[in-house]
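Q: One structure, as structure tokens, below. Some questions next.
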Amino acid sequence: MTLDKVKQILVDYNGCDASEITKETTFEALGLDSLDTVELIMSFEEEFGITIDMSEGMKTIGDIVDIIDNAKK
Amino acid sequence: MNFSILGTGSALPVCIKTNDDLSKIVDTNDEWISTRTGIKERRICGEEPLSDIASVAASNALENAGINAADLDLIICATISGDYITPSLACIIQSKIKATCPAFDVSAACTGFIYALDVAAGYFARGKFKKILIVAADAMSKLIDWKDRATCVLFGDAAGAVVLTAGDDLLSIKLTATGDATALSAPNVTGNCPFGQIPQTQPYLSMNGQEIYKFAVSAMCNDITDVVNEAGLTKDQIDYVLPHQANIRIIEAAQKRLKMAKDKYLTNIKSYGNTSAVSIPLLLDDANRSGKFKKGDLLALSAFGAGLTTGACVIRWNK
Ligand SMILES: CC(C)(COP(=O)(O)OP(=O)(O)OC[C@H]1O[C@@H](n2cnc3c(N)ncnc32)[C@H](O)[C@@H]1OP(=O)(O)O)[C@@H](O)C(=O)NCCC(=O)NCCS
């Protein structure tokens, strides 16, 4: 499932606790700034084989999961 | 046959502006600039023309190489912000250091120094020239919009130079270009032609920061991997990485992905910001003069910038 893979990439990136991440969690709440988000998006692009437009405005983990699921369709 | 580095030099404008100084001009602060970029201060060509510091950098490199301006066969200048559109900055430097050889500019923005190295390698391969001076000099302060906090905090002005002699210490080199004026560009002068029909754009540098960030991290990873392989080496054998200094976060992201020890990466962004084509020769000169490099050390240089251009190479330090 996309959410689980996204969680795993987040855990690898800054050692956050996977059990605390839900679709509503914001990047900011995980202590991640806008450039951390850019780096994570690069990892998501590699993992899922997609390209994500930076102007889509991602705030929560749910936003990114939706973008990935739409891009994979 | 390509080249060996015979000497290095650099020069900085006298005016220093800290993050706190900039917070008096635009709505920014030291905390934001430090955490997002790693920059603390930068130099600004406010009191001297760029050609002055470029010529000092050139003279310092000649002195370090132990040769005279009259010994030079060619001057190549990597710049996008010379004093004039024409004459080239290389010609102004030629006159200021009292050289007599041909001189021209190369325009590849922040990748300019690596492009110039490849041009020089071509001249050495032809066997005609024995000594080539490369000067990288940029005053990005002239191109940026000092009302735009997203770009004006990033750049600084400086000049760096190397003297090359015929040799075989360029082990591999790679250049790329992907023409694109939307992600990062700075418009040229438009003049006052009475027949001009094209709408005028803002006369300043504009940039899509996050797209450039992604482009930069992947360029560094791909290019360094490619030139290390092309040189028949492994990443472990590289002693130092000299990455273009655009943002410390770009360097750290590439370092994590390339899995090369952090202390191999040389940086100067904290004191100088992004000095465009100059960042790598400035690193080279600082390391040379502080005695950091040992003869035989393997250096990986990697740059990216407007164009979009990228370039990387592996050089053996032979001084
Ligand atoms: C320029 C760069 C540092 C901006 O970082 P970013 O995280 O993408 O920043 P954003 O533009 O998304 O801005 C994030 C927030 O900080 C604000 N901000 C931008 N510049 C700021 C500054 N100097 N001071 C304070 N806040 C600033 C933005 O307005 C934005 O606020 P908001 O979230 O309230 O809208 C980064 O994108 C970068 O380094 N890119 C590469 C650029 C580069 O290297 N170019 C040269 C290549 S040779």
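Q: Being surrounded by 18 or more Cβ atoms within 10 Å (Cβ to Cβ) and within 15 Å of the ligand (Cβ to nearest atom) is the requirement here; does B:Leu171 meet it?
A: No.
Q: Give region B:106-157 a look and list any residue that's within 14 Å of the ligand (Cβ to nearest atom) and part of a helix (DSSP H, G or I), or say none.
A: Selection gives B:Ala109, B:Cys110, B:Thr111, B:Gly112, B:Phe113, B:Ile114, B:Tyr115, B:Met140, B:Arg149, B:Ala150, B:Thr151, B:Cys152.
Condition check ((1) modelled with pLDDT of 95 or more; (2) surrounded by fewer than 17 Cβ atoms within 10 Å (Cβ to Cβ)) across all residues:
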| residue | (1), (2) |
| --- | --- |
| B:Asp105 | yes, no |
| B:Cys110 | yes, no |
| B:Phe113 | yes, no |
| B:Ala125 | yes, yes |
| B:Ile132 | yes, no |
| B:Trp146 | yes, yes |
| B:Ala161 | yes, no |
| B:Leu164 | yes, no |
| B:Phe195 | no, yes |
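Q: Let me ask another. Taking region B:40-80, which residues are under 17 Å from B:Thr275 (Cα atoms), more than 16 Å from the ligand (Cβ to nearest atom) and of a type in the set (S, T, N, Q)?
A: Result: B:Ser51, B:Ser55.
Q: Scan region B:180-198 and report the pairs whose first residue is under 22 Å from B:Lys142 (Cβ atoms) and whose second residue is in a strand (DSSP E or B) and of a type in the set (A, V, I, L, M, F, W, C), with Cβ atoms within less than 6 Å and a gap of 6+ or a chain change.
A: B:Leu184/B:Met207
Q: Taking the condition of being without any contact (Cβ under 8 Å) to a residue 60 or more places away in the chain and either among the hydrophobic types (A, V, I, L, M, F, W, C) or within 13 Å of chain B (Cβ to nearest Cβ) (or both), how many residues in region A:1-56 meet it?
A: 37
Q: Additional query: May I ask you to verify whether A:Val65 is facing chain B (nearest Cβ under 9 Å) and among the β-branched types (Val, Ile, Thr)?
A: no
Q: Right, another one. Residues to consider are B:Thr18, B:Thr28, B:Thr37, B:Thr8; find the one that is crowded, with 20+ Cβ neighbours inside 10 Å and within 16 Å of the ligand (Cβ to nearest atom).
A: B:Thr37
Q: Report, ordered by the first and then the second residue, all pairs with beta carbons closer than 8 Å, sequence separation of six or more or different chains, a first member in region B:23-43 that is within 14 Å of another protein chain (Cβ to nearest Cβ), and a second member that is of a type in the set (Asp, Glu) and within 7 Å of the ligand (Cβ to nearest atom).
A: Filtered contacts from region B:23-43: B:Thr35/A:Asp33; B:Arg36/A:Asp33.
Q: Quick check on my filter: what residues within region B:201-250 are more than 16 Å from B:Thr151 (Cβ to Cβ) and of a type in the set (A, V, I, L, M)?
A: Of everything in region B:201-250, those that are more than 16 Å from B:Thr151 (Cβ to Cβ) and of a type in the set (A, V, I, L, M) turn out to be B:Val217, B:Ala219, B:Met220, B:Ile224, B:Val227, B:Val228, B:Ala231, B:Leu233, B:Ile238, B:Val241, B:Leu242, B:Ile248.
Q: Moving to a separate point now. Could you grab me the full set of residues in region A:26-73 that are basic (Lys, Arg) and closer than 29 Å to B:Gly38 by Cβ?
A: The answer is A:Lys59, and nothing else.
Q: Moving to a separate point now. Is it true that some residue in region B:176-184 is in a helix (DSSP H, G or I), among the small types (Gly, Ala, Ser), within 14 Å of chain A (Cβ to nearest Cβ) and within 14 Å of the ligand (Cβ to nearest atom)?
A: No, region B:176-184 contains no residue that is in a helix (DSSP H, G or I), among the small types (Gly, Ala, Ser), within 14 Å of chain A (Cβ to nearest Cβ) and within 14 Å of the ligand (Cβ to nearest atom).
Q: Another one. Taking the condition polar (S, T, N, Q), within 14 Å of chain A (Cβ to nearest Cβ) and part of a loop (DSSP other than H, G, I, E, B), does B:Thr201 pass?
A: Against the criterion (polar (S, T, N, Q), within 14 Å of chain A (Cβ to nearest Cβ) and part of a loop (DSSP other than H, G, I, E, B)), B:Thr201 does not qualify.
Q: So which residues in region B:51-61 are buried (at least 24 other Cβ atoms within 10 Å of the Cβ) and not small (Gly, Ala, Ser)?
A: B:Ile53
The values are calculated or read from the model by the stated rules, or taken from the named source; none is laboratory data. Predicted, not measured: the structure shown is a model, and the values here were computed from it. Backbone-built Cβ (ideal geometry, glycine too); neighbour counts: all protein chains shown.
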